[in-house]
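A.B. asks: Take this structure first; my questions come after.
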Amino acid sequence: MSKVKKGNKGSKNVKNNVIPFKTNKLEKIKNVTPMSKEEVETARVNDYAKEVCKNLDDFASNVGIDVERFYYNFLFYIKQAVIMKLSYPAFKYLDKGSTKEVTQNHSDFLAENCPELSLAKQESDTIH
């Protein structure tokens, strides 16, 4: 058995053999805006999609056909791959929803940034 020195318990000058990791309190890292796993993955997918679109734009500018034909072919193959992976009702819902959202965003952008086109909806546009 090893010999252990016993310190004087009554003595005030006894040093402790434990070395603290830090002399200050450990600070907790607080996440101000906690994100769920779904939000993190959605952000990751969005970043990847933006990178793919940037690469597509670079490729489209160097291809030997017009840009409209290029994007038609690309959309065709993307939709074909998606419809094979998903059920038809899911594909139809996603296709209709994304088309509506993209066109609405583009319409809002044009109305805001190109007022000379008079695309903003006015009070007299509604039929009663």
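A.B. asks: Which of the residues belonging to region 70-93 are assigned to a loop (DSSP other than H, G, I, E, B) and either surrounded by 11 or more Cβ atoms within 10 Å (Cβ to Cβ) or touching a residue at least 60 places away in the same chain (Cβ under 8 Å) (or both)? Break it down stepwise before answering.
C.D. replies: Taking region 70-93 and keeping what is assigned to a loop (DSSP other than H, G, I, E, B), we get 86-87.
The answer is L86, and nothing else.
A.B. asks: Sort out which residues of region 49-69 are open to solvent by 80 Å² or more (accessible area, probe 1.4 Å) and charged (D, E, K, R), and write them in order of number.
C.D. replies: The answer is K50, E51, K54, D57, D66, E68, R69.
A.B. asks: List every residue pair whose Cβ atoms sit under 8 Å apart, with the two residues 6 or more apart in sequence or on different chains, where the first one lies in region 105-119 and is touching a residue at least 40 places away in the same chain (Cβ under 8 Å) and the second, anywhere, is polar (S, T, N, Q) and surrounded by 10 or more Cβ atoms within 10 Å (Cβ to Cβ).
C.D. replies: Final answer for the pair search is none.
The values are calculated or read from the model by the stated rules, or taken from the named source; none is laboratory data. Small disclaimer: the values here were computed from a predicted structure and weren't measured. Note that each Cβ is placed from the backbone with ideal geometry, even for glycine, and that neighbours are counted across all protein chains shown. Note: areas computed on protein heavy atoms with side chains; ligands, DNA, RNA excluded. Shrake-Rupley method; radii C 1.70, N 1.55, O 1.52, S 1.80 Å.
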